[in-house]
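Everything on this sheet refers to the single structure shown next.
The values are calculated or read from the model by the stated rules, or taken from the named source; none is laboratory data. Every value quoted in this text rests on a predicted model; they were computed, and no experiment measured them. Cβ coordinates were reconstructed from backbone atoms using ideal geometry, including for glycine residues, and neighbour counts include every protein chain displayed.
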Amino acid sequence: MLFSVGILLQISGSLVAAESLRGVADELLYLYRPLATDSTKWACLSDPSIVLNLSQINDNYCDCPDGSDEPGTSACGSKSRFFCENQGFAPRYISGSKVDDGVCDCCDCSDENFASNSSWVGSQSCQDLHSEYEQLISKELREQRRGSLALTKLKSEYGVSTIDGDSGEEQQIQDLTSSIEELNKALIACEQDLKEKTALYRRKLRVDNPTLYNFEKLNISYLSSTVDYLFTNVEAISRSYHSLIHIMDDLTYDFNKKLNDQVVNGNVMKYIDYMQKHSGDIEVSPQFDQEQREQVKKYLTSELPQMFRKGSSSYPLLAIKGKFAMVKAIIKVKMKYKDEVLEVIKHLCELMDDVSTNYNVNVQDAGVRKAVSAYGDFLAEYAGIFDVIEVPEKFKLELQRLEDFLDDEAPRVAASAYDVENTIVQQIKNFLSKFRSSVSDGLSNLGDLEATIATIESNRALLNHELQERKNDLQELLRLADIDNSEKDARKIKEISELFHKMDPGCINDAFNNYLYQICFNSEEGRIVQKEDKPQGNSVLIGKFQNFKLDPEISAQRFIDGLRNEHSESDLLAHLESEERSDKTKLLIGNLPDVNSGLIITYGGGARCWNGPARSAQVSFRCSDTFKLRNVYEPTRCHYVFEIDGPLGCTSSFNYEYPAWF
């Protein structure tokens, strides 16, 4: 008999890529939804013509040219990108080539499968990196505030007018920025509190209710999602069966027998004969598949947890084991049912294939044309209906783990009225019953902890919502307050030009690598002179002031290079780099690289090098309250780059925009 097992089981929801997928950010899970026309299929992101089985995602074999089928393995190498959630720090992408290579490139180590690679190299924790980033931000913003104040004093000293922005808007921006900082701190504290309370709950649960503790270690979510996957496919098969029957029934009623199309007439008779012979065997119901799915969901995700949480059941041991045996039977029979329905569909498709290919097109039979057209739509909608769908080996292993658990633990919770008197199990249960009052405080504490954890999770959600609202408000305020870039640059250039004209002489003197340098910024007399740091050392003119410009891009890159040097002994900068594409990385530090003014002064016409060109130089600035020569190097022969700390590197209009993760 083909189709009857009328009892329990299956899972809710539609077939999506799962609640989570290794290497994929939650907000991008929709990209891994199955095709609308076939719930068992998925198409490569860059080439939708390449259609794969869902089981081919993260199967450690590269099928898509862009590597999108392997977001959680290293199979596609640098073509794929792995998403590090890095809770508590910066979520980022790394190259797929770094996955399971024995090195934790994600600070949460989610890129390493410890089960398959016991030899791995760790990194700083996400929490440690977050603390280090906070210190970096605090230091840089402190430098920026002091430097901006020094720039204001410098302008005042030389009588340079400053065109101020809207102080009200600036105050609003400052207030929102401070609010975001406070909310971030509160969120970090909330996350830490949640982590500690959850760990405490797990420790107490292990002592107070070891059965529930062990139950929660089972992979129930995987069992549920896999049953959902299997039964949803079976439901699709059931729907396809009814669609095909409908097409064949319409053809049987609508075709014109008198037109004597031998192909149509013959296949219609074969269909009628087949259905009469198998009418008692076929009982196909997509609704029944859905009902079973809901029942399995209730059993796995509600009934079992409640039974072990309560520590007792109203059913005897045999009933508890019997219900689990029924679950296994349902899954087994459902797979057999699937195969048998597919055999029916395959036979009917052979009939319709013959009709579609060989019917007499010269005979104007509207019923036949309608059936052939409907059959074409059927094939498009259920293109993957004959793909192999089997129960995964992992599912069988996890189901066996659950069965072993029930064998061990079900006797502890089964209804005592059905247990055999005077057994060791019964004696233990009687003792526990008498002792219940003495442990009630512990159970109450567990309940209190659960309530506390729920409250913290609720507060975390509120903080996240409030934080996002504040960030949105700040972004909108900055957008509204923003002046056209060309106008802003023109204003800055006017101020700097006036300052350079009035600075007299406006020089700094500093030593670097066995040389003494005098660098003067006055536009009329400004020059750079290099002198050997020794008695009667030779002096050389590096160049005279020629012009200046604002180049935020060069300034930002030099700022980033400086950060890398300063933090070369730490993993911080590496963990703040997101490998968005093979040719591009993104540094997740907000607009911090824009902290400097972008001022670059060009000097030329210096003393000629031996058998070479005249010396020249470029001076860039980094915001600070005091002038200091930071670095000197010679990228090309006789052309020098000077990097200087000082107020000229500052801009009073800078407002730090925290990265989205902070």
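For the stretch 278-307, the set of residues classified as at pLDDT below 85, surrounded by 14 or more Cβ atoms within 10 Å (Cβ to Cβ) and in a helix (DSSP H, G or I) consists of K297 only. One residue stands out among those in the stretch 549-573 that are farther than 30 Å from S523 by Cβ and free of Cβ contacts under 8 Å to residues at least 40 places away in the same chain: the one that is surrounded by the most Cβ atoms within 10 Å (Cβ to Cβ), which is L573. Within the stretch 111-124, the set of residues being modelled with pLDDT of 65 or more and either in a helix (DSSP H, G or I) or surrounded by fewer than 16 Cβ atoms within 10 Å (Cβ to Cβ) (or both) comprises N113, F114. For first residues located in the stretch 525-543 and modelled with pLDDT of 90 or more and among the β-branched types (V, I, T), partners that are buried (at least 16 other Cβ atoms within 10 Å of the Cβ) and not in a strand (DSSP E or B) and lie 6+ apart or on another chain with Cβ distances below 9 Å form the pairs I528/G606; I528/R615; V540/G606; V540/R615; I542/G606; I542/R615. Here the condition is being at pLDDT below 85, aliphatic (A, V, I, L, M) and part of a helix (DSSP H, G or I); of L230, L200, L223, L205, it holds for L205 alone. Of all residues in the stretch 444-491, those being modelled with pLDDT of 75 or more, of a type in the set (D, E, K, R) and in contact with a Leu (Cβ under 8 Å, 6 or more places away or on another chain) number 5. Here G590 meets each of (1) of a type outside the set (K, R); (2) at negative phi; (3) touching a residue at least 60 places away in the same chain (Cβ under 8 Å); (4) not in a helix (DSSP H, G or I) with one exception, condition (2). D387 falls short on exactly one of the conditions (1) surrounded by fewer than 18 Cβ atoms within 10 Å (Cβ to Cβ); (2) modelled with pLDDT under 90; (3) over 30 Å from I245 (Cα atoms), and that condition is (3). When the residues of the stretch 299-329 are narrowed to those that are without any contact (Cβ under 8 Å) to a residue 40 or more places away in the chain and of a type in the set (S, T, N, Q), which ends up farthest from A414 (Cα to Cα)? Once the filter is applied, the top-ranked residue is S302. Among the candidates N53, N58, the residue that is in contact with a Lys or Arg (Cβ under 7 Å, 6 or more places away or on another chain), within 23 Å of R92 (Cα to Cα) and modelled with pLDDT of 90 or more is uniquely N58. Criterion applied to D47, D59 was being of a type in the set (D, E, K, R), under 26 Å from F231 (Cα atoms) and not assigned by TED's automatic domain parsing to the domain that holds L194, and the one residue passing it is D59.
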